């Protein structure tokens, strides 16, 4: 069975909800999913053994959270080149965090990315639940 790791940072819980919905979409595609908050990832070795990686953070004052920035430096050491990847995040006014995470994964880590990052104001607004689940399905289809 294919395995995916979702690592997220959250301030208000909204990004965590999106992560959980993406995980559901991956599970619909028969993918074994592990969810982790960035603060729980201490070493690059914790990222080993997955077929897909999905990283997410909210945008706050035009930036991603400090925890996600630190995590991305750690993830750079994990040799993720060629692995399937996706990025997501919640935002209020802008959406820089998921875009920057996506670009880091694509350009610096050289990952096989899905089509664009998932950017939602909320998992419960404007079809957000279905969009997040579908994003998980897309990633699942890429690895299964």
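Assorted remarks:
- With a simple spin-label model that places each label point 7 Å from the Cα along the Cα-to-Cβ direction, the separation between residue 76 and residue 43 comes to 2.1 nm.
- Rounded to 5, percent antiparallel among DSSP beta bridges of the chain: 5 percent
- Note on the chain: helix-only mean residue ellipticity at 222 nm, from DSSP H runs of 4+ residues weighted -39500 (n - 2.57) and normalised by residue number, equals -10500 deg cm²/dmol.
- Relative contact order computed over the chain (Cα-Cα under 8 Å; 6+ residues apart), in percent: 30 percent
- Computed from the C-beta positions of residue 1 and residue 66, the FRET efficiency with R₀ = 35 Å rounds to 0.55.
Readers should treat all values here as calculations from the given coordinates under stated rules, not as data from a laboratory. Because the structure is a prediction, the values reported are computed rather than measured. Note: ideal-geometry Cβ built from the backbone for every residue, glycine included; neighbour counts use all protein chains shown.
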